[in-house]
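Colleague: Okay, here's the structure, questions in a sec.
The values are calculated or read from the model by the stated rules, or taken from the named source; none is laboratory data. All values reported here derive from a predicted model rather than from experimental measurement. Cβ atoms come from the backbone with ideal geometry, glycine included; neighbour counts cover every protein chain shown. Accessible surface is based on the protein model in full, side chains and every heavy atom, while ligands, DNA and RNA are left aside. Shrake-Rupley method; radii C 1.70, N 1.55, O 1.52, S 1.80 Å.
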Amino acid sequence: MTSRERVLGWVAGLGLTAGFVMAFGVAPREATQGNVQRIMYLHVPAILVAYLAFGVVLVASVIYLWGRAAGADRLAHASAEVGVVFTSINIATGAIWGKPTWGTWWTWDARLTSVSIMFVIYLAYLLLRAMIEDRERAARFAAVLGIVAALDIPLVHFSVYWWRTLHQPATLLRPGSTPMDPPFVLALIVNLVAFVLLYGYFVAKRVRLLRQEQEVLA
Amino acid sequence: MPDNWSFVLAAYGLAALVLGGYWRRLLRRERELAARERRRGAARDEPRPAHAPPGPPIPRR
Amino acid sequence: MTYARRSWIVLWKDLLSERRSKETLNALFFFALLLLFLFQFALGADRERLTAAMPGLLWLGFILSGLVGLGRAFLAERENDCWEGLLLAPGDKSAIYLGKVAGNLVLMLFVEAVLLVLFAVFFDVDLGAHPLRLTVVIGLGTLGFAAVGTLFAAMTAHVRAREVLFPVLLLPVQVPLLLGAVEATEAVLLGEPLGAVGHWLGLLAAADAIYLTVGILTFDAILEA
């Protein structure tokens, strides 16, 4: 059981190393932004993985409310926690990138704002879990909040986008031709895969720990 | 455009710190659980006193 | 008993007990009045500045008084040991949810009407120019707020630190409602037609629909002991 987890951990570590090499060795220096653009190889995969994590929370929450499988609840809990970690990385690296590029650590631009609202929503989700002692009740309430939170993300996104926008449009997910050169895209994808692996490793470990905690405390 | 290597370093360093911190937290929890499991296993073999002293408090963050 | 009738009974019970005790409503009116003072102190006497911030202040007032009111939504059931009564109610539990949402909606609309009048009098805002448009915007915003607020109020009713947890859960989730309502209210106060803020009204309606649907589908899971 833990051996599979260990293999996943090693693969994730290798992936991170490969991503690091891609980001600094293979991808060329970006012409307009300079080397500070290399932060993107952290910033963008982190938020994509966070979205993945919160999507998993939604699915696991629905499954939990449907059949009350304790495993689905543990998956939702672990995934939300790891998603919050990755969101914090996205926000921190974004601020560090913004200082030399925009001249400020923080602006209330659309995507910064919507991501930080998402961050706060899932922090509240973890807080709700921490504040309810009864495990079964915590699971039910968290599942409801997990569904509301996930459905709220598009609403937050649109509302904040209409409210104000200054951010450059997401370059990777835009349909049609990507304006980025292949080496940049490749470095980004390698890092994305590495982050997904790392996410899988963290979640697998956290789910196992949650199960053991519940067994010990039972 | 200047290169701003210090910002790149700060970003990667911070990310490493956050991920490493979370990883270490998981590892520590793992060790604690293992120790608790061992204690419980040992306690099961011998009769438990009526007022067993509770284990050391689990540090929480 | 039909579904609508069961919802109606919950609504009627809440309104009746509120009318007799006036516990929440009196406190809320007073709270609304105090908010007016707070806003005035925070922004100073500069009329221009107050007018510019008016839609935001208005919704801040709605939301703060809504937080206070909604936080008490399940107080009667909890303190008088009537939670089992809700659980034992026959049929689909979502009827209870809809009744509660309706009750909270009525309560909030009451307080909002009072706040509007207070704003009109003390801050010299012309609110009567387009009453219908304003009603549409406020109604859409308040409905979503009541829908998600009722859900969370039921959730936090049994948590020890509910006074803290309830706003912490509710405020970030309803950011889209707040943005949409403030922007639409601003446009209406400037005399623009509703068509100019159609996208915001669409967003508010979508939020209302999402929150109500999730509430109806999941309230059963929240009500369980």
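Colleague: Give, rounded to the nearest 20 debye, the magnitude of the charge dipole that region C:59-172 has about its Cα centre when Lys and Arg contribute +1 at Cβ and Asp and Glu contribute -1 at Cβ.
Modeller: Using Cβ point charges on Lys, Arg, Asp and Glu, region C:59-172 gives about 200 debye.
Colleague: How large is the charge dipole for chain A, taken about the Cα centre, if only the Cβ atoms of Lys, Arg (+1) and Asp, Glu (-1) carry charge, to the nearest 20 debye?
Modeller: Result for chain A is approximately 160 debye, rounded to the nearest 20.
Colleague: Here's a follow-up. To the nearest 20 debye, what charge dipole does the protein assembly as shown have about its Cα centre, counting +1 at the Cβ of each Lys and Arg and -1 at the Cβ of each Asp and Glu?
Modeller: Its charge dipole is roughly 1740 debye.
Colleague: Is the protein assembly as shown best put as rounded, prolate or oblate by its Cα gyration tensor, with a ≥ b ≥ c the root eigenvalues, rounded for a/c under 1.5, and otherwise prolate when a/b is larger than b/c, oblate when not?
Modeller: Taking the square roots of the gyration eigenvalues as a ≥ b ≥ c, the protein assembly as shown is oblate.
Colleague: Further question on the same structure: Report, to the nearest whole %, how much of the accessible area of region C:83-161 belongs to carbon and sulfur atoms, 1.4 Å probe, protein only.
Modeller: 71
Colleague: Which value in deg cm²/dmol, rounded to the nearest 500, describes the helix-derived mean residue ellipticity at 222 nm for the protein assembly as shown, given -39,500 (n - 2.57) per DSSP H run of n ≥ 4 and division by the residue count?
Modeller: My calculation for the protein assembly as shown gives -27500 deg cm²/dmol from helical runs alone.
Colleague: Show me you know the interface measure: the accessible area buried between B and A, both chains summed, probe 1.4 Å, in Å² to the nearest 100.
Modeller: Roughly 2800 Å².
Colleague: Taking the Cα atoms only, what angle lies between the long axis of helix C:23-43 and the longest principal axis of chain C, rounded to 10 degrees?
Modeller: It works out to around 30 degrees.
Colleague: Where the centre of each part is set by its Cα atoms, how far does region C:1-80 sit from region A:90-107, in angstrom?
Modeller: Value for the Cα centre distance between the two parts: 39 Å.
Colleague: I would also like to ask the following. Name the residues of region B:17-39 whose accessible area, probed at 1.4 Å, falls by at least 20 Å² once all protein chains are in place instead of their chain on its own?
Modeller: Buried by 20 Å² or more upon assembly, which counts only protein chains, are B:VAL18, B:LEU19, B:TYR22, B:TRP23, B:ARG25, B:LEU26, B:ARG29, B:GLU30, B:LEU33, B:ARG36, B:GLU37.
Colleague: Using a/c under 1.5 as the rounded threshold, could you call region C:3-223 rounded, prolate or oblate? The axes a ≥ b ≥ c are square roots of the C-alpha gyration tensor eigenvalues, and prolate needs a/b larger than b/c, oblate otherwise.
Modeller: Here region C:3-223 falls in the prolate category.
Colleague: Helix C:198-223 against the longest principal axis of chain C: what's the angle in degrees, Cα atoms only, rounded to the nearest 10?
Modeller: Between the helix axis and the principal axis of chain C, the angle is about 20 degrees.
Colleague: Okay, next question. Among the aspartates and glutamates, select those whose C-alpha is under 14 Å from the C-alpha of C:LYS13, and discard any that sit fewer than 8 residues away in the same chain.
Modeller: Partners within reach: C:GLU77.
Colleague: Could you work out the local net charge near C:GLU192, counting Lys and Arg as +1, Asp and Glu as -1, over the other residues with Cβ closer than 12 Å to its Cβ?
Modeller: Net of charged neighbours comes to -1.
Colleague: Given a 1.4 Å probe and no ligands, DNA or RNA in the count, how much accessible surface is buried by A and C, both sides, to the nearest 100 Å²?
Modeller: In total, this chain pair buries about 2600 Å².
Colleague: Suppose accessible area is computed on protein heavy atoms with a 1.4 Å probe; arrange C:GLU23, B:GLU32, C:GLU112 from highest to lowest.
Modeller: Correct descending sequence by accessible area is C:GLU23, B:GLU32, C:GLU112.
Colleague: Roughly speaking, what is the stretch gain from C:ILE9 to C:LEU34, that is 0.36 nm per residue apart minus the C-alpha to C-alpha distance, in nm to one decimal?
Modeller: 5.6 nm
Colleague: Oh, and also: Compute the accessible area per residue over region C:3-223, keeping the other protein chains in place, probe 1.4 Å, unit Å².
Modeller: Here the residues of region C:3-223 average 44 Å² of exposed surface.
Colleague: Taking R0 as 51 Å, what FRET efficiency do you get between A:LEU126 and C:ALA129 from their Cβ-Cβ distance, rounded to the nearest 0.05?
Modeller: 0.65
Colleague: If you roll a 1.4 Å probe over chain A with all protein chains in place, what percent of the accessible area is carbon or sulfur?
Modeller: Heavy-atom surface of chain A belonging to carbon and sulfur, 1.4 Å probe: 69 percent.
Colleague: Among rounded, prolate and oblate, which fits chain A when a ≥ b ≥ c are the square roots of the eigenvalues of its C-alpha gyration tensor, a/c under 1.5 means rounded, and a/b larger than b/c means prolate?
Modeller: In terms of gyration-tensor shape, oblate.
Colleague: Anything losing 20 Å² or more of accessible area from the isolated chain to the full protein assembly: pick those residues out of region A:127-145, probe 1.4 Å, ligands and DNA/RNA ignored.
Modeller: A:LEU127, A:LEU128, A:MET131, A:GLU133, A:ARG137, A:ARG140, A:PHE141, A:VAL144, A:LEU145
Colleague: Then there is this: Mind checking the angle between helix C:94-122 and chain C's longest principal axis? C-alpha axes, 0 to 90 degrees, to the nearest 10.
Modeller: That works out to roughly 20 degrees.
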